Structures are given as structure tokens and as C-alpha cells.
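Structure first, then comments.
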Amino acid sequence: MSSIAQSTQVPPVLTKPKLSPDDWVMRTLIIVAIIALFTVIVLPLYSMLAKSAENSAGEFIGLANFITYFNSPALFKSITNSLFVSGTSSITVLFLAFLYAYALTRTCMRCKAFFNIVALIPLLAPSLLSAISLVYVFGNQGIAKSWLFGESIYGPIGIIIGLVIWVFPSALMIIKTSLQTTDGRLYEAATAMRSTPLRTFLVVTLPGVKYGLISALFIVFTLTVTDFGVAKVIGGQYNVLATDLFKQVIGQQNFQMGAVVGIVLLFPAVLAFIADRYVQRKQVSLLSARSVPYTPKPSTIKDNLFFIYCTLVSAVLIGMLAMAAYASFVTFWPYDQSLSLTNYQFDLMDGGGWGAFTNSLRMALYTAVFGTLFIFGTAYLVEKCRGFKGARTIIQMFTLLPMAVPGMVLGLSYIFFFNAPNNPLNFLYGSMAIMVISCVVHFYTVSHITAVTALKQMDPEFESVGASLKVPLYKTFFRVTLPMCLPAVLDISTYLFTTAMTTVSAVIFLYSPDTQLASVAVLNMEGAGDIAPAAAMAMMIVLTSACVRLLHYFLTRGLRRKHLLWRTK
Amino acid sequence: MVALEKKQLEYEYHDPKNDAAAAIKNVVGMGNKYLEIIDLVKKYDDFVALKGISLTINSGEFICFLGPSGCGKTTFLRAIAGLDHQTSGKLIQSGVDVSELQPNKRDFGIVFQSYALFPNLTVAKNVAYGLVNRKASKPDIQQKVSELLHTVGLPGSESKYPAALSGGQQQRVALARALATSPGLLLLDEPLSALDAQVRTHLRSEIKALQRNLEVTTIMVTHDQEEAMTMADRIVVMNHGVIEQVGTPQEIYQHPATAFVANFVGTTNLLPCTVIDANSVEVGGVKLNVSAPQVLLGKQALLAIRPEDIGARSINNSDTNSLDVLINEIEFLGSFSRVTLTHQSGLTLTAEFSMNSMRDLDITSGKSMKVTLPIKHIRLFPEEPSSPR
């Protein structure tokens, strides 16, 4: 008795668990990942910040560049222009996408599968494509120029229409998800309490999708305010921030002012990002395990009205693609309307020729392979490492950051960072690798979230069981974790491939004469007046993306059949 | 007579803090201790989940950690496994200090409430998961797997995927997988909670029989007292990160060490009272004869009596602690009924009478009757700062 009393008086010795080899490997890899992410995200952004406070001789001049910028009316006008076009197009697309998503999730309309696929068309192409099509339809030699009643498509009207088409699928996917995740019981309760349809809509439907709508708004706003392709093709004399950035850097080689514009462009994106994070944190899951999915009831008038609406929207989306496809085959618009493959002879034109296309394929492939490896691997480390909380938090911060950085700003910061003569990584500059890195970083956040979601869905005790049976972690990873996460891995790689294939903004500052890219070729050919070849190249991108998506579809379907055997419930 | 009663009470009323120490002494006497836990503390930021727990477990014993949710029982189990390391304290498993070892360096098999079967592997591959790593030959592994599946009552289901099995069958596979490597310690984390009531009762006795055959030291976490009562050799009742009592199911039920245990294991009438002297207390204006321990004299206390210990047959007015009560509600529960009784002082009691008594004594709602509270069934506990429930 007395001995026990004594032993409890001794201050307790804190036990520190001994680290196993697994722990050491994971911790080392986490530190490697932190260094890598720090090098490709934080350091470049810092060098851009530093550059904005320098004069052309490289001396520190404080905020002088910013003062010059805000005192130049032409440049300052771009800010209001940018806010105007992205504000208008964001609200428009939100409205259109909500109706479309509502039709897909809450009605018994026919042809839902078809409408679902059609809505994704703009994702297959660079944003330039919608603008090129608009030129063919409403441009100076367009087939429906008169529809504009004398207004010019070259300017805000064109930019807004082009942006709306381009970001439509992004808005649609978010809103659709939030409309799908509503508890059907709420509607049954509303019906039981004899609520009118309007009241149900206002009290049940809208609050349910509130956060989805806000989230969509922020994401669409960021996309539109930072997009460069549409404004470049159809903006005419109407300047926005993204085209200013391009002009300062490529046109005038004024890197300091470019850095200033880059930081100005970073502002709305970062603000939207912070606001979105804030809203997301407030969101609580409306679905519990006991929820039942909502099943719409047929209603002739409602279903038909929405069918007509979706047909109209689909017609525009298909029309956009068809117009560009048709124009790419027309020998010489508008004089020789015969169809030929003349415009596909890229080697006869500036812009890199077919080499640009194969370069794009290579870059997209590398981005998909290395990006998926790095992103999924890092997500696994963050989710499954025991302890080491600080380091994991740092990685989580780094993975969110790219979401807030526009592609052009990232590319510009890469110039400053990797082109610095004293940087040991200088050899990357002008290589394929730097573009792959830029693409992986630019599309990091979405991929990371996909990976984490898949990992979180698995029973957290799998690793505990493995440890109790003394099976090393890597075996459990390859035998259980990876097979279970294969659908997510496929999703990530497809996403990385198609976005790398279509992006302009992340690579526009980084390509070299040896590494011309298809998406950049579209831009350059269009800029040189070769608009039909530009359309042709854009069609090649669409074709490639569509093939990859199709491949993804079949692979996923095969996997899903296998997974049905595994599905617990 | 008085002296004798006092002695008895001293035995019955003891400080819960000394329980673990008593348990250790007891075990040391028997020798053969397998797992020794010394002053285990687990802190999360500013929340203390385990407040210095000590416990000794003998080899071959079936131990249940019983307590309400949030009492720290799962934390305790995970600390024993090394899945969540303790903040301080020692763990000695068959003579080896394992306090700082990672789970893969310890000797245990574990079964989770969620089964945690690998969905992409067949039953055979799940069971063989730990064997493959030991470089056993393929036929040997096959042999062992089919033996294990036979043991848990699932012969021939080697090639099925877990999703094709029912919850009870999945839990058997999880059990086979945990036993495959012949661990010295089997940990069961609420293994039956996710199952239907009937499957649960069935599996309960099977697990117990299996454990007795294999003589594997087993710790099971549960919040179901019936499960703990029927399966455990000893029950460890936990609350708020401390052990309230350690003992056999009978000890826990018949001699609860604290008001919490009395109320958590089975049901109890817990009545606030004032201890007048060594022989009497006052409960809501009624004076009852008890034998009160010295430490409680003149203090506020809790009087506990189990509903089934309230007497109703052949009572005389002269009997100690006899009360005239009004029969309020009667809850029919099959072989017995639960009856709410009210005394004129406002005192309310819950009693349980067999169907036999109900018939013989014609107990019906609205009638009056006479009951006794036998001294030997009355227990007194110090008033707890935070009352249980």
C-alpha cells in the first residue's frame, strides 16, 4: 500500500513512442514534399513580390511601381473593366447553371444523360475556342453579325458571352452537387405540412444550395477575372487585367510593371478564395446516414419547360463547338466555302506546327503521370502519417494556396524565380519540366481534395489492422489503399491531362521555341490572323481531351463493376 | 452484533481508488500476470481522457472495459494496442516494457466495431493477411486459413468477398484474421455493437467459448452491461477517465463500489439522504434503519437499493423499514413488472416484482401496499460532486 502511494507521487515520466522505420520513411517524405512545394509555390511568389518593388536596374524602389501603375488611367481602367466583365458573366452563368442543374436533378425531364454530357463540352477546349466561335458567328465576317443590331462583338459583349460559355460546366458541377445532396425527407415533411411549392423552394431548396451557390460564385469569379484567352481573342480594344499582364510582359518586356499587374490580379483571386473558405467552414453537411435521396415527381408542364430550356442551352454549347469545327474545315472563310483539310496543315504555318501538338500531348502526359504520383502520394502521407502534426498542417496550407493563384501569375512568378541567374534550378527554365511543374501546381488543389476525399472514405482502421498483423505499411498501401482509391487516381490523372492540354494561362510565359504547345499555338495563330488554323488546332485539343475522357469513362466503368463486389453497402 | 455489521460494511464500502491496488495485490498472489498497466495518463490538448489508470490482467483472462460513451474505455484499449500513445505511464506485457513501442512491435490482434475487413480482398486473403508476411508456405497458409474459418464457424467461405457476407459473418472473419497470427493478447473494440440483437447474443457466447478454448488473454470494450456481465471474467467499470471498480460480474452487481457503478450496472434507486447516526438515515422526511459507515456520519449521502431487493411478501408493521406506499405506474416487462411506488412523504421508489408476486399480492395501479427496504440490501455512498446520469 505505502509503496504504491509513494510511486504515484513521483512526477510521471512522459512516454515518447519510438518511431518505426515506416514512421521515419513517411516523415522524411513529408519533409521532401514540403521542400518541393515551398520551392515551386512560395519562393516563386516571393520573387514576384520582390520584383514588383524593383526598377529595371534591379534596385529596390519600394512602392514606386505601384504608384506609377495606379496613376496611369489606361491601366487603372483595366481593373474596373475586369471587375465589370467577370461580375456580369459570373452572375449570368450562376443563373443559367442553376436552372440547368435544377432541371438535371429535380425534374423528370427526358434525355438527362445527354444534357449531362453536353454541358461538359467547354471543359474539353481552351477558353479561346468559345471566343473563336463567337468571331465566326458575330465577328466582322460572321454569319449572324446582324443579330447584334450594330453592336460589336469585339469588346465586353463578346468577352462576357465567351466567359459564360467557358465557365458554365464549372458552375454547373458545383451547383449540381449541392442540389443532389439534399435530404428527400425535408420535402416530404414540407408536403405533409401543406407548404406551397414556392414556399418549399424558398425555405427548403434555396437554403440547401446556398453554400453551393456562393462557392460556385467565387470559383467562377476567380476563373473569369483571371482568364486571358477569351479577352485576348475577342476583347478588341477593351483591356482587362489579364491582357494587360500579357502586354506588359510579352509586348513591352516590362517585367517590373508585369509583376505589379500580377499582384493586382492576385488580389481579387485571393479575396474570392478567402471568402470561399470562410463560407465553406460555415457549411454543415445536410446529409446524414439516415437521409434519403430526393426523387423528383413527374410534372408535364415543369418537365417540358425545363426540357426546352436545356435544349436551348445545349444548342448554344454544341453550336459553339460545331461552328469552330465547321470553320476549321472551310478552305478560306468567307470566300472559298469548300471543305478541305488545308487548315490542318499546321507545319505550313507559324505557331509550332504539329510539333506543338505532340509537345502538348507529352506535357499533358507528364503532368498526369508525375502530378498524380506526387499529389496522391502527398495526400496519402498527410492523411496516414501518425503524429508530426505541424508538418502536415504546413502541407495542407501549401495545397490550398495554388487555388488562389491565377495561372498567369504563377507562370510570371516562375520566370522571375527560375530565370534568376543565381538559382541552381535555372536549368529548368525554358524546358518541358517547368511547364509540367506549373501545370501540376496550378491544378493542385482540386486534385488534392479529390485524393483526400477518397482516402478519408476508407476505414481509418485498415492501417491499425495492418500494424497489428505486423504487415509493413507499404504492403497495405499497395494491396489495399491503392486498389480502393483507383477510381480517384483515374479521376485525378484525367483531370490533370485535360486541363494541361487546354490551359493557356499556366504556360503562356513559360514555353520556349523548342517547347511550343498546341494551346499557345491557337493563341498565336489567332493573333497572326490565321483564325481558321487556330480553330483547327483547337479542334485537335478537343478531340484529344474527348478521347481521354472516353478512355477514362470506360476504365472507370470497368473498375466500378469490380468495385460492386467490394461495396459493403 | 453491531461490531459485526460494521465490519461487513467496511468490506462493502471501500474507496474506489484502492480498487486497482487491491486488484494488483490479488493478482500478484495468483502469479501469472500477463499485462500490467501502471499509472496511464492520456491528454488531448486540455482534455484528460485517462487520469492515471493502473490495472493488472492475468493471462487467459477475459476482461471487459465497461462504461458510458466518452468514459475513456476505447482510448484505454487503443493505448494498450499502441494505436494512440499514452501521454505518460507504463505498459508491461508478459514481462516486457512495451510503453514506447509502435503497434507493429507489439503482440496483439484487434477486432474493430467496423470490422475493417479489406473490401478488395477475399475472405481467405483477409484472414491470411498477417500470415503471408511471415514467409509461411502457400499450402500451410491455406491449411491455417481453413482451420481458422472452421474455428469461427465459417468453413468454405474462402473465395467470397466481405461485401457478400452478413454483419455477423464479417465480424467472424475479422476475428479469424486477428487470431491468425496467434497473438498473446486479443483486443475487441465494441465488436458486437453494429450487429442485430439476435446475432449479437449468439456471437457473444461463441466468442466466449472460443476465447476459453484458445486461452487467449482478451480485452473487450463495451457499453453494453449485459454483454460485459455474460462474457467477462472480470469487469473494469470506467467513468470520466478513471476506473470506478474492478471485479467479477457478481461483485460488480452485488457490491457496487460507487453510486455510479450501482446505477450504471443494473438499475438502482438512488435517494439523497442525511446520515443521522450509525444506525439510521433520513430520506425525504422518512427515517430508515441502516448501518452507516463511520466516515458518513452526519453527512449528506446517497442511499441505494436495487428495485428487485424491495420486499413485498408477508410484511408486518413491526418489520424494519416497512413503508405504506401507493402503487402508481406498472410497466409490464414479461416475466416481471416494474412498479413505481409513492410514499405519502413524496418519496418515490421503483420496485420490480415477479409475475408471481404481482398475481399473489394483486398489485394493481391505484391501490396501496406495504413494502420493506431490507437493511442488508441498502447501501450508502458519499454524495458525488457530479451526480451520475
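A few remarks follow.
- Candidates are the residues of region A:303-319 that are open to solvent by less than 40 Å² (accessible area, probe 1.4 Å) and within 20 Å of A:LEU129 (Cα to Cα); the one that is nearest to the chain's Cα centre (by Cα) is A:LEU317.
- Of all residue pairs spaced 6 or more apart or on separate chains, those with beta-carbon atoms under 6 Å, a first member in region B:185-212 that is under 27 Å from B:ARG106 (Cα atoms) and among the polar types (S, T, N, Q) and a second member that is open to solvent by 10 Å² or more (accessible area, probe 1.4 Å) and modelled with pLDDT under 90 are B:SER193/B:GLN113.
- Some residue of region A:372-395 being assigned to a loop (DSSP other than H, G, I, E, B), on the phi > 0 side of the Ramachandran plot and not small (Gly, Ala, Ser): yes
- The set of residues from region A:115-138 being in contact with a helix residue (DSSP H, G or I) (Cβ under 9 Å, 6 or more places away or on another chain) and free of Cβ contacts under 8 Å to residues at least 24 places away in the same chain comprises A:ASN116, A:PHE138.
- Test result for B:LEU101, at the interface with chain A (Cβ under 7 Å from one of its Cβ atoms), more than 30 Å from B:HIS202 (Cβ to Cβ) and either assigned to a loop (DSSP other than H, G, I, E, B) or within 27 Å of the chain's Cα centre (by Cα) (or both): yes
- Of the criteria (1) over 30 Å from A:THR544 (Cα atoms); (2) at pLDDT 90 or above, which one A:LYS145 fails: (2)
- Unique match (being surrounded by fewer than 21 Cβ atoms within 10 Å (Cβ to Cβ), in the same structural domain as B:LEU91 (by TED's automatic domain parsing), among the aliphatic types (A, V, I, L, M) and within 30 Å of B:ASN32 (Cβ to Cβ)) among B:ALA209, B:ALA194, B:ALA180: B:ALA209
- Elements of the type helices (runs of 4 or more DSSP H) sitting completely within region A:8-88 and holding at least 3 residues that are more than 30 Å from A:LEU381 (Cβ to Cβ): these cover A:43-52, A:64-71.
- Residue count for region A:19-50 under the criterion of being within 14 Å of chain B (Cβ to nearest Cβ) and exposed (fewer than 13 other Cβ atoms within 10 Å of the Cβ): the result is 2.
- Counting only helices (runs of 4 or more DSSP H) that sit wholly inside region A:107-220, those with at least 1 residues that are open to solvent by 60 Å² or more (accessible area, probe 1.4 Å) are A:112-118, A:156-180, A:184-192, A:197-200.
- Of all residues in region A:340-373 being among the aromatic types (Phe, Trp, Tyr) and surrounded by 18 or more Cβ atoms within 10 Å (Cβ to Cβ), the one that is farthest from the chain's Cα centre (by Cα): A:PHE346
- Exactly one residue out of A:ALA324, A:ALA368 is touching a residue at least 40 places away in the same chain (Cβ under 8 Å) and in the same structural domain as A:LEU134 (by TED's automatic domain parsing), and it is A:ALA324.
- Of all residues in region B:99-115 being open to solvent by 10 Å² or more (accessible area, probe 1.4 Å) and free of Cβ contacts under 8 Å to residues at least 24 places away in the same chain, the one that is nearest to B:TYR161 (Cα to Cα): B:ASN104
- Selection status of A:GLY466, surrounded by 22 or more Cβ atoms within 10 Å (Cβ to Cβ), touching a helix residue (DSSP H, G or I) at 6+ places or on another chain (Cβ under 8 Å) and under 30 Å from A:GLY262 (Cβ atoms): no
- When B:GLN93 is tested against (1) in contact (Cβ under 8 Å) with a residue 40 or more places away in the chain; (2) within 7 Å of chain A (Cβ to nearest Cβ); (3) in contact with a Leu (Cβ under 6 Å, 6 or more places away or on another chain); (4) not aliphatic (A, V, I, L, M), just one condition goes unmet, and that condition is (2).
- Scope region B:234-257; condition open to solvent by 10 Å² or more (accessible area, probe 1.4 Å) and more than 18 Å from B:SER54 (Cα to Cα); matching residues: B:PRO249, B:GLN250, B:GLU251, B:TYR253, B:GLN254, B:HIS255
- Residues in region A:68-98 that are buried (at least 16 other Cβ atoms within 10 Å of the Cβ) and aliphatic (A, V, I, L, M) were compared, and the one that is farthest from A:VAL316 (Cα to Cα) is A:LEU75.
- Scanning region B:124-138 for residues that are away from every other protein chain (no Cβ under 14 Å) and either under 25 Å from B:LEU77 (Cα atoms) or assigned to a loop (DSSP other than H, G, I, E, B) (or both) turns up just one, B:SER137.
- Figure legend. Inter-residue proximity from region B:287-305: first residues within 15 Å of B:LEU271 (Cα to Cα), second residues of a type in the set (Lys, Arg) and buried (at least 19 other Cβ atoms within 10 Å of the Cβ), beta-carbon distance below 7 Å, spacing 6+ or different chains. Indicated pairs: B:ALA304/B:ARG379.
- Selection over region A:227-269 of residues that are aliphatic (A, V, I, L, M) and assigned to a loop (DSSP other than H, G, I, E, B) gives a count of 1.
- Unmet criterion (only one of (1) touching a helix residue (DSSP H, G or I) at 6+ places or on another chain (Cβ under 7 Å); (2) under 18 Å from A:PHE221 (Cα atoms); (3) modelled with pLDDT of 85 or more) for A:GLN280: (3)
- Scope region B:105-123; condition at the interface with another protein chain (Cβ under 7 Å from one of its Cβ atoms) and either under 29 Å from the mean Cα position of the chain (by Cα) or within 14 Å of B:ALA180 (Cα to Cα) (or both); matching residues: B:PHE108, B:GLY109, B:ILE110, B:PHE112, B:SER114, B:ALA116
- Test for B:GLN169: is it of a type in the set (S, T, N, Q) and within 13 Å of chain A (Cβ to nearest Cβ): yes
- Residues of region A:527-538 that are open to solvent by 30 Å² or more (accessible area, probe 1.4 Å) and in a helix (DSSP H, G or I): A:GLY527, A:ILE531.
- Only helices (runs of 4 or more DSSP H) whose full extent lies in region A:423-512 are considered here, and the ones with at least 3 residues that are within 14 Å of chain B (Cβ to nearest Cβ) and under 30 Å from B:VAL111 (Cβ atoms) are A:462-468, A:473-476, A:482-502.
- Test result for A:ASN65, polar (S, T, N, Q) and either touching a helix residue (DSSP H, G or I) at 6+ places or on another chain (Cβ under 6 Å) or surrounded by fewer than 15 Cβ atoms within 10 Å (Cβ to Cβ) (or both): yes
- B:ILE141 vs. criteria more than 10 Å from chain A (Cβ to nearest Cβ) and in contact (Cβ under 8 Å) with a residue 24 or more places away in the chain: no
The values are calculated or read from the model by the stated rules, or taken from the named source; none is laboratory data. Just so you know, these numbers come straight off a predicted model, no measurement behind them. So basically every Cβ, Gly included, is an ideal-geometry build from the backbone, and we count neighbours across all protein chains shown. These area figures cover heavy atoms from the full protein model, side chains too; ligands, DNA and RNA do not enter into them. Shrake-Rupley method; radii C 1.70, N 1.55, O 1.52, S 1.80 Å.
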